[in-house]
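Here's the structure, in structure tokens; my notes come after.
The values are calculated or read from the model by the stated rules, or taken from the named source; none is laboratory data. Predicted model, so just to flag it, every value in this text is computed and none were measured. Every residue, glycine as well, gets a Cβ built from its backbone with ideal geometry; the counts of neighbours run over all protein chains shown.
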Amino acid sequence: MKLGKLPAKQFSQLLKVHQMNSDKITKGVLLLSSFVILFVAGGMIFSLVEGAIPALKSFGLSFIWSNNWNPTEGKENYGALPFIAGTIITSVAALLISLPLSFSVSLFLGEYYRGTRIAKILGPMVDLLAGIPSIVYGLWGFYVLRPLLIDLGLPNQGFGIFTASIILAIMIIPYATSLSNEIITMVPNELKEAAYSLGATRSEVIFNVVVPSARSGIIAGYILSFGRALGETMAVTMLIGNANIVPDGFFSTGNTMASVIANQFGEADGLKLSSLIAIGLLLFLMTGIINAIGKFIIKRMG
Amino acid sequence: MPLVSSSLNEWGNMNSAAKITVANLSRRTLKDKLFKGLVLFMSLITISPIVLIIYKLVEKGYRQISLDFIIKTPPNTFEAMTALSNGELIPGGIANGITGTLLMVVLASVIAIPVGVITGIYLYENPGKLLANLTRNISDILQGVPSIVLGLIAYMWIVKPITSGFSALAGSVSLSIMMLPMIVRSTEETLKMIPESIKEAAVALGVPYYKVILRVLIPTGFSGLLTGILLGISRILGETAPLMLTALGSSVINLDITKPTSAIPLLIWEFYNDPNMVDLIWSSSLLLMGMVLTLNLVSKRIAARTK
């Protein structure tokens, strides 16, 4: 009996040791790969800051609010204000234009036609809007939307903030709806039924029950879609008119932070390249903050 | 839910204050119907661009699509001009773009998928840990980084120090950073849906940890992982901006990852800027949209089948 037991014990111990080693290695690999993301993110911030230092050194903080963008040699001066202003104005306008549209779609999918066949067709179609490449939106805006707006009397040959905002609005709709219609679907039926039993009409239920209880989800969806709008490049580049000025109105031409990088990167070196990287850093920070706010609201909802 | 109850109260007050009369009721019903009409109308407007865009691409692009379009490289401007003035279709195709796109997408996937899936598993296995939470948050923020910024990053990391010039590798790196957080997220979400008991059964049998992952977690969640990966690929397929800063473009087929390489979206951008070649934008976009749509539909189909 003694003889029989010993090898079994040893065997199981051996097995344990072997397993513990492989488990440790596995855990180590898992841990390591999660560091990759942290490393990438940290490296991004480091590289952007490092690349931006020459520009920030030359212009200081006035880089952010100077509106003079002058690449002429000897008189080189770079200020990011036109692009910061252009980015914020186009994104806010896009958000405002997309609001009624995405709100309607989320009501359509999450309330009026929830789970019906027509919702199963419309839902994927809206998702598909997120799948269309930015450059295709740009082409469509350039060749279809712009002539239409020129006919309506838009100045600057149809280029500018307004045209870019319309295309941006279409592009960001799926990001706003995917979250808000999920939240709207989750509003407890009891709440709605209580309101119906009091004699409320459907629209009254929507405005007094559904929207208030889904409010933070809807807002978070809009914030995330706003973050998307800030960084969109190609479609905006093709439609905004690429003028390095602070836009003086809704129909003015302009440039966004993303579009100026795309436009001027090709011939950039030295101080200009550094300034473009500094703009990239600002854009990174802006979208990071906006996204963090959106995610924070989602987390708080639980 | 203090929000809801307070708004219900308000609503109750409002209602009790208003007398329910026939006129009042019909006014409210009318309002209700008008609002529903508005919602329907707005929803229709929202989906109309996708129909219009696809229609436009097909209408203007289908004639150019042929075998030549897939296996030949673009003509030079002069050839295109001659064809235009003779009223012919522009000869040649976008083979350099197709091969470049495939090369960079495959390379980006090779970089992003293993790291993304393993990180996703880590997040799933350590839900409450500080490091996991940090990784999850950072990954979420990474997902929101504009693609053009990723182009700048790959320029500083690869173009300047490693390939000392624009290269497919740099393009792939920018695309892989874009893809990584999407895969991390979808992996974690997929694994969360696997019943704990399946994993516990394997662990109880004394299966080593790595085998639990390879033989239980990944196969069980395979279709979910695949959906996430395909959606990630469909998202990077159409990216233009980061490639302008990294891969730059090339007029010939190039499979050397240290050399400038073209991609379908880069070609669309070049054609758009060349008045002689501009007719090629529609067919190229049609092809690109076709690829993106197919990937989207396939991944949706896989996702639907597993549910």
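Condition first: of a type in the set (A, V, I, L, M), part of a helix (DSSP H, G or I) and closer than 26 Å to B:MET291 by Cβ. Now tell me which residues in segment B:57-82 satisfy that.
B:LEU57, B:VAL58, B:LEU67, B:ILE70, B:ILE71, B:ALA80
Just checking, which of A:TYR143, A:TYR175 is within 11 Å of another protein chain (Cβ to nearest Cβ) and touching a Leu at 6+ places or on another chain (Cβ under 7 Å)?
A:TYR175
Please verify whether A:ASN208 is more than 29 Å from the chain's Cα centre (by Cα) and within 7 Å of chain B (Cβ to nearest Cβ), treating the condition exactly as stated.
Here the answer is yes, as A:ASN208 does meet what is asked.
So which residues in segment B:139-191 are more than 7 Å from chain A (Cβ to nearest Cβ) and of a type in the set (Phe, Trp, Tyr), if there are any at all?
Scanning segment B:139-191 gives B:TYR155, B:PHE166.
Given the residues A:ALA169, A:ALA164, A:ALA130, which is the only one that is crowded, with 22+ Cβ neighbours inside 10 Å, within 29 Å of B:LEU237 (Cα to Cα), within 11 Å of chain B (Cβ to nearest Cβ) and in contact (Cβ under 8 Å) with a residue 24 or more places away in the chain?
A:ALA169
What about B:SER164, is it surrounded by fewer than 24 Cβ atoms within 10 Å (Cβ to Cβ), outside any helix (DSSP H, G or I) and of a type in the set (Gly, Ala, Ser)?
The answer is yes for B:SER164.
Name the one entry in B:ILE90, B:ILE20 that is modelled with pLDDT under 95, more than 9 Å from chain A (Cβ to nearest Cβ) and not in a helix (DSSP H, G or I).
B:ILE90
Go through B:ALA80, B:ALA95 for me and flag whichever is more than 31 Å from the chain's Cα centre (by Cα) and under 23 Å from B:LEU248 (Cα atoms).
The unique qualifying residue is B:ALA80.
Filter segment B:239-254 down to residues that are surrounded by 23 or more Cβ atoms within 10 Å (Cβ to Cβ) and either more than 18 Å from the chain's Cα centre (by Cα) or in contact (Cβ under 8 Å) with a residue 40 or more places away in the chain (or both), then give me how many there are.
8
Applying the selection to segment A:235-275, what residues are closer than 16 Å to B:VAL145 by Cβ and assigned to a helix (DSSP H, G or I)?
Listed by number, the residues that qualify are A:MET257, A:ALA258, A:ILE261, A:ALA262.
Quick one: would you say A:THR185 is touching a residue at least 60 places away in the same chain (Cβ under 8 Å) and touching a helix residue (DSSP H, G or I) at 6+ places or on another chain (Cβ under 9 Å)?
yes
Would you point out which residue out of B:ILE229, B:ILE236, B:ILE257 is touching a residue at least 12 places away in the same chain (Cβ under 8 Å), in contact with a Leu (Cβ under 9 Å, 6 or more places away or on another chain) and assigned to a helix (DSSP H, G or I)?
B:ILE236
If you go through segment A:187-214 one residue at a time, how many are of a type in the set (D, E, K, R) and surrounded by fewer than 17 Cβ atoms within 10 Å (Cβ to Cβ)?
Total meeting the criteria: 2.
Of all residues in segment A:269-293, count the ones that are more than 8 Å from every other protein chain (Cβ to nearest Cβ) and closer than 11 Å to A:GLY227 by Cβ.
3
Within segment A:67-94, work out how many residues are farther than 14 Å from A:VAL246 by Cβ and buried (at least 20 other Cβ atoms within 10 Å of the Cβ).
3
Please verify whether segment A:218-227 includes one or more residues that are free of Cβ contacts under 8 Å to residues at least 60 places away in the same chain and buried (at least 23 other Cβ atoms within 10 Å of the Cβ).
No, the conditions are met nowhere in segment A:218-227.
Within segment A:206-215, is there a residue that is at pLDDT 95 or above and either under 21 Å from A:ASN263 (Cα atoms) or outside any helix (DSSP H, G or I) (or both)?
No: zero hits.
Looking only at segment A:103-122, count how many residues are of a type outside the set (A, V, I, L, M, F, W, C) and either within 7 Å of chain B (Cβ to nearest Cβ) or on the phi > 0 side of the Ramachandran plot (or both).
So the count comes out to 3.
Being of a type in the set (D, E, K, R), touching a residue at least 12 places away in the same chain (Cβ under 8 Å) and over 19 Å from B:SER109 (Cα atoms) narrows it down to one residue among B:LYS199, B:LYS211; which is it?
When all the criteria are applied, what remains is B:LYS199.
Give the number of residues within segment A:18-77 that are touching a residue at least 12 places away in the same chain (Cβ under 8 Å) and on the phi > 0 side of the Ramachandran plot.
0
Taking segment B:113-157, which residues are surrounded by fewer than 23 Cβ atoms within 10 Å (Cβ to Cβ) and not in a helix (DSSP H, G or I)?
Matches in segment B:113-157: B:ASN126, B:PRO127, B:GLY128, B:LYS129, B:GLY144.
Just to be sure, is A:MET125 within 12 Å of chain B (Cβ to nearest Cβ) and either free of Cβ contacts under 8 Å to residues at least 60 places away in the same chain or in contact with a Lys or Arg (Cβ under 7 Å, 6 or more places away or on another chain) (or both)?
Answer is yes for this residue.
On the basis of being crowded, with 21+ Cβ neighbours inside 10 Å, more than 8 Å from chain B (Cβ to nearest Cβ) and more than 24 Å from B:LEU243 (Cβ to Cβ), does A:SER98 make the cut?
yes
If a residue has to be at the interface with another protein chain (Cβ under 10 Å from one of its Cβ atoms), among the small types (Gly, Ala, Ser) and under 8 Å from the mean Cα position of the chain (by Cα) to count, how many in segment A:211-228 make the cut?
Here the count works out to 1.
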